[in-house]
Structures are given as structure tokens and as C-alpha cells.
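See structure below.
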Amino acid sequence: MTASTARFRRVPAALLLASVVSLTGCAGTDESEAGAQTSASPPASSAASTTPSATSAAPSTTPAPAGTNVAVSYMGGQVTGDTGRIPVASGDQVTITVTSDATDEIHLHGYDLSAPVGPDAPGTLTFQASIPGVFEVELEELGTLLFTLQVG
């Protein structure tokens, strides 16, 4: 476990009381998940930790989203960044950002969340980690595993 992936924060109880949305997982089983959001816009920071990193560009006035931020890149057939098994606390807000030189779809199994990604637009998934277990995050069309997310 690295410092960037082991940092956990408490989520206010109000967020945990959000209504539960029933989603169908890739394995054909029903899973529940609260607070799912997807977007194709880049986050304020591409850092893979809960703290912003220094860049050579002008500093951003928008802080990185709270919770756990995971950043992965797929370029030239190679996956780099936060790979392997990423642990997050149950109830944590998770933001996954993927940059890719191929047009595809990011897919989080179990939560059945997806977002488009391509050379001109990073893909982002933001959701509440409310389903315990280990889930694959992949580029759907290429069938390329980016990492696994361990919730709990």
C-alpha cells in the first residue's frame, strides 16, 4: 500500500443515506451503488493521491476532489500510473481518471459504471464506494485491464 492509495477519509453520514440505485454488473448479477456519476471532463488534478501535485503549468485554483483519486494512462499499448490493486475504504468517494491514445470506454465492473475516453478527452468516473469487494477497471473494447479496485 502506498501513501497515495492508503489515505482514507470519513464520508459524512448524509452521503451514505443517499438513495440506492440498482445496477446490473457484467457477470449478470444485481449490484447496488449510491451516488454514481460519470463524466468525460478532466478533473482539476491528474494526481493519483488525495493531495494536489505540483505541475509546470500555472497553479489551479480548483482543489482536487475529496476522497481517493486514481489516475491511469494507456499509451502505445502500455498501462501506467496507479495499476495493480488499489484499496479504498467503504463509503469513500472515488474518482478514476483515465487518459488514452485509443478511443474506448472505461468500465468499472460490479458497479457497472462507464465513461468514454479518447485521445482528445480523458475519461472520468466519480462514485461512492458502497459495494465491498474487488472490481476490475478496464478499457472495455480493447479488453485491457487497467487495475482492480478493492473496496472495504
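The values are calculated or read from the model by the stated rules, or taken from the named source; none is laboratory data. These numbers were taken from a predicted model, which means no experiment stands behind them. Using ideal geometry, Cβ is built from the backbone for each residue, glycine included, and neighbour counts are taken over all protein chains shown.
Values for this structure:
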read-out: Wholly enclosed strands (runs of 3 or more DSSP E) of the range 54-121 bearing at least 2 residues at pLDDT below 95 and touching a strand residue (DSSP E or B) at 6+ places or on another chain (Cβ under 6 Å); value: none
read-out: Residues within the range 122-152 that are aliphatic (A, V, I, L, M), surrounded by 15 or more Cβ atoms within 10 Å (Cβ to Cβ) and part of a strand (DSSP E or B), tallied; value: 6
